[in-house]
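For reference, the structure is listed below as structure tokens.
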Amino acid sequence: MEILEGHNKFYVNDAEGNQVAEIVFVPTGEHLSIIEHTDVDESLKGQGRR
């Protein structure tokens, strides 16, 4: 899986191009961000992927 970068988020798409995971963040300083939201598709939950 390739981790992609969007506006204030990182995400992963499946083979069909559907987003299946994301981390949304808010930049709060030059070297600091706050994680605002995470989401993982039900099909990937519980797999222990790293």
Legend entry - Cleavage-rule hits (GluC sites (Glu not before Pro)) in the chain: DSSP loop, at most 16 neighbouring Cβ within 10 angstrom: GLU2, GLU16, GLU30
Inset, instruction - Only Lys, Arg, Asp and Glu count, each charged at its Cβ (+1, +1, -1, -1), so figure out the dipole size of the chain about its Cα centre, rounded to 20 debye. - result: 220 debye
Legend entry - Residue-by-residue Karplus 3J(HN,Hα) for region 31-46, coefficients 6.51, -1.76, 1.60, Hz, glycine and proline x: 10, 9, 9, 10, 6, 9, 7, 10, 8, 10, 4, 3, 5, 9, 5, x
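Laboratory data are not the source of any read-out in this text; all were calculated from the coordinates shown. Bear in mind the structure is a predicted one, so any value in this text is a computation, not a measurement. Every residue, glycine among them, receives a Cβ derived from its backbone with ideal geometry; neighbour counts consider all protein chains shown.
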